[in-house]
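K.L.:
Could you have a look at this structure, given as structure tokens, before my questions?
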There are 2 protein chains.
Amino acid sequence: MISLPCDVLMSETLPIQDLVPQLQAEFETALAVFLREHPLRSSYTNGLTQFYSELQSFVTRRAKRIRPLLFLVSHRIFSGSSTAHSESLMRSAVALELFHSFILIHDDIIDRSDRRRGEPTLHRLLEAALHSHKPKADRARLGVNAAIVLGDILFALAVETLLEAGFPSERTQLAVGAFLRYVGETGRGELLDVLHAARDVSRVSVSEIQRTYALKTTKYTFECPLMLGAILAGAPKASLNVLIQFTKPVGLAFQIQNDLNEFRDERASGKEIVEDLFEGKKTLLIRKAYDRLGKSDRLFLQTCFDATRLTEAAVNRIRELVLSSGAFVELESDVSRLFAEAIAIIKKSRLSPMQQSEILGMMDYLKTSTLAPPTRPRGSGG
Amino acid sequence: MISLPCDVLMSETLPIQDLVPQLQAEFETALAVFLREHPLRSSYTNGLTQFYSELQSFVTRRAKRIRPLLFLVSHRIFSGSSTAHSESLMRSAVALELFHSFILIHDDIIDRSDRRRGEPTLHRLLEAALHSHKPKADRARLGVNAAIVLGDILFALAVETLLEAGFPSERTQLAVGAFLRYVGETGRGELLDVLHAARDVSRVSVSEIQRTYALKTTKYTFECPLMLGAILAGAPKASLNVLIQFTKPVGLAFQIQNDLNEFRDERASGKEIVEDLFEGKKTLLIRKAYDRLGKSDRLFLQTCFDATRLTEAAVNRIRELVLSSGAFVELESDVSRLFAEAIAIIKKSRLSPMQQSEILGMMDYLKTSTLAPPTRPRGSGG
């Protein structure tokens, strides 16, 4: 079994705000070691060597690692900083990130994305790695085909890694079972996205969008890693319930804030906005803006969804409409309210003061590190 | 937990040839009950109801069920017909078939197939179920996207079902771990297929093709279900090794015979042959025929791989070339030799006479039921 670094994980004294960045660095090393030392690597011979190394570089690309960090911190909170199982824990965190890479790989195929984390998506890398005499369209398809399969392989590897991380077998079985059910729910959220992409913006309701947020962000990004950490730490059922209640407002707030950031960053090219439109993605922001627009502006927005090309002027117009509609300010205040709700849930819970402060410290850390506000929004008034 | 039928499974007296068809019928019922009663179903509301029911009908379509049958028979052989865990066993067999459906769903996307088991492929069904105002090309893509995700969901459900089938936790962990490694190997075989599709037929060697057969047929279709059945029955290591040795010639023989059948069936339209060519599939038969052809015939065959359309005359010419090349007869005799090898491995093993006779009985049953010879081949000489 590959030996992974876990010194920071074992440090009992660090307060959460100092622990997390160090943990993140240690996690990066562990992930890189895991992929470099894994026996699978040596079975990828000849043409497949290249595939493996593309996968390796894709997974180890600079990223926020929200899920493994939430998982590690959650375990620490509920195990009372016990240093037992540190390496098993790091291995499980790696498993969660492998799984997340699988999700990104298939998502990028579904969305026809060319870029991920500032570099080419995996299907694009594999297309380039094929060295085929085939025409470009065929090579593109072969790249996608290889990426579908590599994604599936990564999924299997993630579950295998979690299953064999080294925790006692009863807890392992509980955690893996829970994990697989979260996978199913994430998939259900993705299916809803596909359904919504097939419909006009007027035919997708606010509550339908909130449901996909609940499945894809709340459950997948927040609830799943926090719960798995807690389950493997043997947390009591009451604590698990607090986590479930806490993540509901938190997940929604993060997703909305993320949508808002995409719109308010003046330096951004608006590329993400355009891609979302072309893929038929319905965000709460777009949906709520649509509701507040007049007839001709609605028609314009609807037409943008169905366009095959959008000029810079059109993108600027969309941004302007969304920002001036009032939907932006409404959602900004929703975000504040949701975070306040989350804090209240923790404060009135029966978690220990130490546990409460660590959970909220973690949330603050993530807010600062992942939701840092870009430049001041145009027309948002605040 | 859903209650599944398992009466045939518990019958201790039936000889293998009578048991298997009855087991198959019972398995069909169990699979249908599982999908109908699964709690997941009720979470697929609104537009997703349709997706779930398409998935359900896709999975329960008439099929050979080789993998669950091999699994059930293997467990019976190594548990000494013990009737303990019968329902857990049926649940695990269902899990294997769910997983197989996932493989088929992604394979059909990769191969751009429109038909599977005589009906539309899942991505085609989902495309039709979308009721979108979008143009046809967009709907086709959304159908593919939904099928990628439903495949992933099915994979998660399969592992969850195996994990929670109800076997003692140590055996469960061994079986699920082994299963996930087989998934990885199957994927590796599929990646090799993608690599080979990108190359000219002259640039893919016989041993490379044999390697994909070993990964995709031998390991996935034969070794995996037999091993999982044996592991869950607590079979000793020596018996597991016999199974691994036995499946090597058996898997190769089945795959080759399958390739041969595609070619020799005069009634068939040659559609499968054409599809394989267009997808760049390199079978042992095509590869060996290519080696034996003269320069101009090689050029013709190579050109067929790169064509965008093949007339009936071209298909007939390919068939003629392959059959008359001598490759067909050579591979036919390979198949006989491989089956003889498999029998010898079992006979000289330390398995009990009863176990030996049941394994060979199972192999004979599968030969008859899945490799039944169609009409006499043209030019194969026998």
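K.L.:
Which condition number in (1) closer than 27 Å to A:Thr247 by Cβ; (2) within 23 Å of the chain's Cα centre (by Cα) is the one that A:Thr60 fails?
P.N.:
Checking A:Thr60 against (1) closer than 27 Å to A:Thr247 by Cβ; (2) within 23 Å of the chain's Cα centre (by Cα), the one that fails is (1).
K.L.:
Ok, one more. Of the residues A:Arg203, A:Arg211, only one is surrounded by fewer than 21 Cβ atoms within 10 Å (Cβ to Cβ) and either within 18 Å of A:His100 (Cβ to Cβ) or over 21 Å from the mean Cα position of the chain (by Cα) (or both); which? Can you show your working first?
P.N.:
Details: A:Arg211 fails: either within 18 Å of A:His100 (Cβ to Cβ) or over 21 Å from the mean Cα position of the chain (by Cα) (or both).
When all the criteria are applied, what remains is A:Arg203.
K.L.:
So which pairs qualify, if the first residue must be in segment A:213-233 and in a helix (DSSP H, G or I), the second must be β-branched (Val, Ile, Thr) and surrounded by 22 or more Cβ atoms within 10 Å (Cβ to Cβ), the Cβ gap must be under 6 Å, and the two must be at least 6 apart or on different chains?
P.N.:
Taking only residues 6 or more apart or on different chains, the pairs are A:Thr218/A:Thr247; A:Tyr220/A:Thr186; A:Phe222/A:Thr247; A:Phe222/A:Val250; A:Glu223/A:Thr247.
K.L.:
Looking at this structure, is A:Leu174 hydrophobic (A, V, I, L, M, F, W, C), more than 7 Å from chain B (Cβ to nearest Cβ), more than 20 Å from the chain's Cα centre (by Cα) and assigned to a helix (DSSP H, G or I)?
P.N.:
On the way: hydrophobic (A, V, I, L, M, F, W, C): yes; more than 7 Å from chain B (Cβ to nearest Cβ): yes; more than 20 Å from the chain's Cα centre (by Cα): yes; assigned to a helix (DSSP H, G or I): yes.
Judged against the criteria, A:Leu174 is a match.
K.L.:
Specify the residue that is nearest to B:Ala30 (Cα to Cα); the eligible residues are those in segment B:54-64 that are out of contact with any strand residue (DSSP E or B) (no Cβ under 8 Å at 6 or more places or on another chain) and at pLDDT 95 or above.
P.N.:
Among those residues, the one meeting the criterion is B:Thr60.
K.L.:
Considering (1) surrounded by 18 or more Cβ atoms within 10 Å (Cβ to Cβ); (2) under 26 Å from A:Arg199 (Cα atoms); (3) not small (Gly, Ala, Ser), say which one B:Phe99 fails and leave the rest.
P.N.:
Looking at each condition in turn, B:Phe99 falls short on (2).
K.L.:
Collect the residues in segment A:104-137 that are assigned to a helix (DSSP H, G or I) and either surrounded by fewer than 17 Cβ atoms within 10 Å (Cβ to Cβ) or facing chain B (nearest Cβ under 8 Å) (or both), keeping them in residue-number order. Before you say what the answer is, go through the steps one by one.
P.N.:
If we filter segment A:104-137 for residues that are assigned to a helix (DSSP H, G or I), which is where we start, we get A:104-110, A:122-129, A:136-137.
Of everything in segment A:104-137, those that are assigned to a helix (DSSP H, G or I) and either surrounded by fewer than 17 Cβ atoms within 10 Å (Cβ to Cβ) or facing chain B (nearest Cβ under 8 Å) (or both) turn out to be A:His106, A:Ile109, A:Ile110, A:Ala128, A:Lys136, A:Ala137.
K.L.:
A follow-up question, please. Give B:Asp152, B:Asp193 a once-over and let me know the one that is within 9 Å of chain A (Cβ to nearest Cβ) and at pLDDT below 95.
P.N.:
B:Asp193
K.L.:
Across segment A:95-125, what is the number of residues that are within 24 Å of A:Leu228 (Cβ to Cβ) and either among the acidic types (Asp, Glu) or modelled with pLDDT under 95 (or both)?
P.N.:
3
K.L.:
Sticking with this structure for a sec: Quick one: which of A:Phe167, A:Phe179 is crowded, with 19+ Cβ neighbours inside 10 Å, touching a residue at least 24 places away in the same chain (Cβ under 8 Å) and not in a helix (DSSP H, G or I)?
P.N.:
Step by step, each of A:Phe167, A:Phe179 is checked, and only A:Phe167 is crowded, with 19+ Cβ neighbours inside 10 Å, touching a residue at least 24 places away in the same chain (Cβ under 8 Å) and not in a helix (DSSP H, G or I).
K.L.:
Identify the residue in segment B:197-208 that is assigned to a helix (DSSP H, G or I) and facing another protein chain (nearest Cβ under 9 Å) and, among all such residues, is modelled with the highest pLDDT. Walk me through how you get there before you give the answer.
P.N.:
Of the residues in segment B:197-208, the ones assigned to a helix (DSSP H, G or I) are B:197, B:201-203, B:206-208.
Adding the requirement that they be facing another protein chain (nearest Cβ under 9 Å) leaves B:197, B:208.
Details: B:Ala197: 90, B:Glu208: 95.
Top of the filtered list is B:Glu208.
K.L.:
Applying the selection to segment B:155-164, what residues are within 7 Å of chain A (Cβ to nearest Cβ) and assigned to a helix (DSSP H, G or I)?
P.N.:
B:Phe155, B:Ala156, B:Leu157, B:Val159, B:Glu160, B:Leu163
K.L.:
Pairs needed: first member in segment B:345-358, under 15 Å from B:Ser74 (Cα atoms); second member anywhere, surrounded by 18 or more Cβ atoms within 10 Å (Cβ to Cβ) and among the basic types (Lys, Arg); C-beta distance under 8 Å; at least 6 residues apart or different chains.
P.N.:
B:Glu358/B:Arg76
K.L.:
For B:Ala140, state whether it is closer than 18 Å to A:Ile109 by Cα, without any contact (Cβ under 8 Å) to a residue 60 or more places away in the chain, surrounded by fewer than 21 Cβ atoms within 10 Å (Cβ to Cβ) and more than 11 Å from chain A (Cβ to nearest Cβ).
P.N.:
yes
K.L.:
Being away from every other protein chain (no Cβ under 14 Å), buried (at least 19 other Cβ atoms within 10 Å of the Cβ), among the acidic types (Asp, Glu) and part of a helix (DSSP H, G or I), is that true of even one residue in segment B:53-71?
P.N.:
no
K.L.:
Moving on. Take the conditions in contact with a helix residue (DSSP H, G or I) (Cβ under 6 Å, 6 or more places away or on another chain), assigned to a loop (DSSP other than H, G, I, E, B) and not basic (Lys, Arg) and apply them to B:Ile77. Does it pass?
P.N.:
no
Condition check ((1) crowded, with 21+ Cβ neighbours inside 10 Å; (2) assigned to a helix (DSSP H, G or I); (3) more than 18 Å from the chain's Cα centre (by Cα)) across all residues:
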{"position": "A:Lys248", "(1), (2), (3)": "no, yes, no"}
{"position": "A:Ala253", "(1), (2), (3)": "yes, yes, no"}
{"position": "A:Asn258", "(1), (2), (3)": "no, yes, no"}
{"position": "A:Asn261", "(1), (2), (3)": "no, yes, no"}
{"position": "A:Val274", "(1), (2), (3)": "no, yes, yes"}
{"position": "A:Leu277", "(1), (2), (3)": "yes, yes, yes"}
{"position": "A:Ile286", "(1), (2), (3)": "yes, yes, yes"}
{"position": "A:Ala289", "(1), (2), (3)": "yes, yes, yes"}
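The values are calculated or read from the model by the stated rules, or taken from the named source; none is laboratory data. All of these numbers come straight from a predicted model, not from anything done at the bench. Virtual Cβ from ideal backbone geometry, glycine too; neighbours counted across all protein chains shown.
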